[in-house]
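Since the structure comes first, as structure tokens, the remarks are kept for the end.
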Amino acid sequence: MDGWLPIIVMILLGAAFAGAGVLASQFLGPKNPTPEKLAPYECGVPPVGDARERMSVKFYLVAMIFLLFDIEVAFLYPWALALRQLGWVGYFQILVFFALLLSGFIYVWRKGVLDWGSEERI
Amino acid sequence: MIDMVVIPVFKMLVVITAVLSAVAYMVLLERKVQAWVQVRLGPMRVGPHGVLQPIADVLKLITKEDVRPASADRFLFTLAPILVVVPALIVFAVVPFGTSTTMFGKEISLYITDLDIGLLYIVSVASIGLYGLILGGWASNSKYPLLSSLRASAQIVSYEVAVTMTLVSLIVTAGSLSLVEIVKAQEAHGVWYVFIQPVAFVIFVIGALAETNRAPFDLPEAEQELVGGFHTEYSGMRFALFFLAEYTNMIVVSAVGVTMFLGGWLAPFSSVSWLAWLGLVPGWVWFSLKTFLLLSLFLWIRATLPRYRYDQLMRLGWKVLIPLALVNLAVSAVLKVLL
Amino acid sequence: MTTNRDTATSAFDTDELVINMGPQHPSTHGVLRLVLRLDGERVIDMDVVIGYLHRGVEKLTEQRDYTQIVLLTDRMDYVAAASNNLGYVETVEKLMSLEVPKRAQYIRTVLAELQRIASHLVWLGTHAMDIGAVTVFLYCLRERELVLDLFEEYCGARLTYNAMRVGGLPMDLSTGWEAKVRAFCDLLPGKIDDYETLLTNNRIWLERTKDVGVISGADATAIGLTGPALRASGVRRDVRKDEPYAAYKDFDFEVPLGTRGDTYDRYTVRLIEMRQSVRIVQQALDGMPDGPVMGKVPRLIKPPAGETYHAIESPKGELGYFIVSDGQSLSPYRLRVRPPSLCNLQALPQLARGHLVADVVALIGTIDIVLGEVDR
């Protein structure tokens, strides 16, 4: 745990600063709520429907691809550190790992998950 | 007692205060630089040449009415800005501003802590802020903030992959995850990593712009499209925290970039004998100077370029930067094994 | 899209997001309201809601005499007031068959072309700002300021000029004005080069504008597009050339045409138009005749009974006035305006369908609307 204690203190300090700021503004600022002021902003007209609707599936797909890639990168950290010792064996092992992931990446690419454009015009 | 408690806490307070004032003046600098590019003067009223503007801004924000929309989620609406700002601040715990200095007869290191997995820490902590953005957009229960927080999250995760890959290729070169060690490795190599890894540096800078939502990738807060972005519904101090976090993040990525690529606290031209006197300047001065230069690049880019569109941004991230980063990583690994 | 889907798949469908863009929105160029239906970020369809700036200008004209109406026309397209003045006074002159002195015609042409430059500068600035290039906006307004100075020196006003009268002009040029216009004409092309440095070959700008909002010449004609937006689709239609008014037939200028009809073409067409306007102004100053600036006009302007339509090429497109006079009253029986902004706005849903939200903003900019003229 050496070296981590300061970070915990840092988190506490940061949270204290942010919390104190919000709290201070509660006391210092005026409070005149009106129904119009408390309505969500939608360019000056009453909002239509609820904002929390189901979002386009594209966003979830990106999130999932990101997860895969980020886990891949997480594997890369220890590998990158130990590369000298692992030598060519380690290099080719990670290359195989890469190839597997890349094939997935190419599949996703060809499937058009990465295309957000206006190509398919309605 | 003094070594264990007083000095570390003192260092933390110095760092936090320095970062916060740097952010405040960063805003002023940005407005001034933008103004100069655009043949204007920028803030001129508060103090000579507007130097007191940040203080006036802070006072104004803290005494503003803090409006929370009636349909918003009470708890998350307050949690979101805090969740954004805390990770941005605590990243500085591992950034080395210099090696060490002697103060009151004591050797004091110019970093709060030197984690042996410092880089991993930065990457992970920086991602936490993303939750704040999503929660803020969702808690507002308003369409523009929600749309923009979705944009923000998709954009940030896309570029995060590319950025972390460039960082991995740097780890391959440096052989360490500790930021202090990485700078020392650059000292030992006798060359900054920007010259060894130029491709990685370019990817890093582009990714940094995208991850901090800066122009030309400032889509989540593109006011011409989405009004205010994910903080449309925020006002007063809670809005200020989002703002603070954004600028802190800019300083964070610049500081990390300087540490990783531009030799951290090292003086430039160390091999040129007649410029050896540059080494007399304290390391933290060099560090601040380089960070400042990288930040100025951000401002310059903002004043010059139009904004990317969403699909183009995703395409650049996934189809250009990530493959490029992968190739760069493979090449650096080959070189590392060979040499 | 929402109909006839079975319940099994509808559980996994995403909802369309209905979102209001405007009337209070930074980039709808005023109080335009768009009701967008979005799938993620893609626009499925949109409704354009107008009328937030309706002041009943057309009805008001029935209560004003013909001279007072000039003042109302200022307030329609308020970034191109001189063009509005010109269109109106020429229509009344046509109705009354009045002769306008040559010098007045030339000065009117100079004013109209300076106005076109000013209007296009506002357009370019706001369009670029909508796409995120804020600096261009400031640069454009800097040069527009010079045009406003010229107008101020001519007629005393900077925005709503009231600069023309039926039968001519209220006043002659002040001494030294022509030299200042010439200086501006020498300055502007270099400044346009500056804007082009920032935009024309900028990759982000190209990606944001090329192939965005493509409309074919046939579609554009069918929908009633006029002005630069029509010419960018390759249709050669310019009232200045086709039905010359004021002094345009005396001058040599080109009408730029686009090929693809996308946002980029509309951008280049307008930039070339600015350069051509400079040419026209220079030619008009070179050939400026002497003489009076006011023709023989009766003290009371009372056109004979009848009706007429007359159009000019305003910066935004074909600006037409249709006036019916009953021959007895001092006000028109009916005055109807064909505002180019309104007609061009009709193309917006077609341009935007299938594009992303960010493109909607670019497209509002590219058709160049002024809400004062749309709603009147």
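Throughout, read-outs are computed from the coordinates displayed, never taken from laboratory work. Remember, predicted model here, so these are calculated numbers, not experimental data. As a convention, Cβ positions derive from the backbone with ideal geometry for all residues, glycine included, and neighbour counts pool all protein chains shown.
Counting Cβ atoms of other protein chains within 10 Å of each residue's Cβ and taking the mean over peptide C:41-47 gives 4. Counts of other chain beta carbons within 10 angstrom of each beta carbon in peptide A:19-27 average 6.
In this structure, the pairs whose alpha-carbon distance is over 30 Å, taken from A:Lys37/B:Lys32; C:Lys191/C:Lys249; B:Lys32/B:Lys290; B:Lys319/C:Lys210; C:Lys94/C:Lys191, are A:Lys37/B:Lys32; C:Lys94/C:Lys191.
Taken one residue at a time, the phi angles of region C:24-30 give Karplus couplings (6.51, -1.76, 1.60, θ = phi - 60°) of 9, 9, x, 10, 9, 6, x Hz. Gly and Pro are set to x. Dividing the convex hull volume of the alpha carbon atoms of the protein assembly as shown by its residue count gives 208 Å³ per residue. Phi angles of region B:39-46 translate, via the Karplus equation with coefficients 6.51, -1.76, 1.60 and θ = phi - 60°, into HN-Hα couplings of 6, 10, 9, x, x, 10, 8, 7 Hz per residue; Gly and Pro are given as x.
Restriction of the trypsin sites (Lys or Arg not before Pro) in region C:46-132 to DSSP coil positions whose beta-carbon has at most 14 other beta-carbons within 10 angstrom yields C:Arg55.
At an R0 of 30 angstrom, the distance between the Cβ atoms of B:His49 and A:Leu28 translates into a FRET efficiency of 0.60.
Counting Cβ atoms of other protein chains within 10 Å of each residue's Cβ and taking the mean over peptide B:232-240 gives 4. Dividing the mean sequence gap of close Cα pairs (under 8 Å, 6+ apart) by how many residues chain C holds gives a relative contact order of 26 percent. Of interest is the spacing of the C-alpha centroids, which for region C:155-204 and region B:128-156 amounts to 45 Å. Note on B:Val272 and C:Ala179: with the Förster distance fixed at 60 Å, the Cβ-Cβ geometry gives a FRET efficiency of about 0.60.
Scanning residues 5 or more positions from C:Arg334 or on other chains, those with amide H under 5 Å from its amide H are C:Val324, with H placed 1.01 Å from N in the peptide plane. For region C:273-342, the list of chymotrypsin sites (Phe, Trp or Tyr not before Pro) that fall in a loop by DSSP and count at most 16 other C-beta atoms within 10 angstrom reads C:Tyr333. For chain C, excluding the exposed loop sites themselves (GluC sites (Glu not before Pro), DSSP loop, at most 16 other Cβ atoms within 10 Å), the longest remaining stretch covers C:100-253.
From the Cα gyration tensor of region A:5-111, with a ≥ b ≥ c the square roots of its eigenvalues, which class applies: rounded if a/c is under 1.5, or else prolate if a/b is larger than b/c, or else oblate? Here region A:5-111 falls in the oblate category.
Between the amide H of C:Gly295 and those of C:Gly168, C:Leu169, distances stay under 5 Å, these residues lying 5 or more places away or on another chain, with hydrogens modeled in the peptide plane. 3J(HN,Hα) along region B:122-133, derived from phi through the Karplus expression 6.51 cos²θ - 1.76 cosθ + 1.60 where θ = phi - 60°, amounts to 4, 4, 6, 5, 4, 6, 5, x, 4, 4, x, 4 Hz, with x in place of Gly and Pro. For C:Gly234, nonlocal amide neighbours, meaning residues 5 or more places apart or on other chains whose placed amide H falls under 5 Å from its own, are C:Gly258.
Full extension of the chain segment joining B:Trp36 with B:Val337 gains 103.5 nm, where the gain is 0.36 nm per residue of separation less the Cα-Cα distance.
For the pair A:Leu38 and C:Ser97, label points projected 7 Å from Cα toward Cβ lie 7.2 nm apart. From the alpha carbon centroid of region C:46-105 to that of region B:249-314 is 57 Å. Can you tell me the FRET efficiency between C:Glu152 and C:Arg275 if r is taken as the Cβ-Cβ distance and R0 is 41 Å, rounded to the nearest 0.05? With R0 = 41 Å, the Cβ-Cβ based efficiency is 0.95.
Extending 7 Å from the Cα toward the beta-carbon at both B:Val327 and A:Leu86 defines two label points whose distance is 2.3 nm.
When N is the residue count of region B:149-277, what does its C-alpha Rg come to as a fraction of 2.2 N^0.38 Å?
1.27
Packing-based ranking of C:76-82, B:323-329 yields C:76-82, B:323-329, ordered from highest to lowest mean Cβ neighbour count within 10 Å.
Looking at chain C, what % of the alpha carbon pairs are farther apart than 35 Å? The partial results should precede the final answer.
On the way: 18648 of 70500 pairs.
It works out to 26 percent of all Cα pairs.
Given only helices, namely DSSP H runs of n ≥ 4 each adding -39500 (n - 2.57), what is the per-residue ellipticity at 222 nm of chain B, to the nearest 500 deg cm²/dmol? Let's see the in-between values first.
On the way: 13 runs with 217 residues, N = 339.
That comes out to -21500 deg cm²/dmol.
Straight Cα distances below 17 angstrom link C:Lys296 to the aspartates and glutamates C:Glu90, C:Glu93, C:Glu99, C:Asp172, with same-chain residues fewer than 8 positions distant left out.
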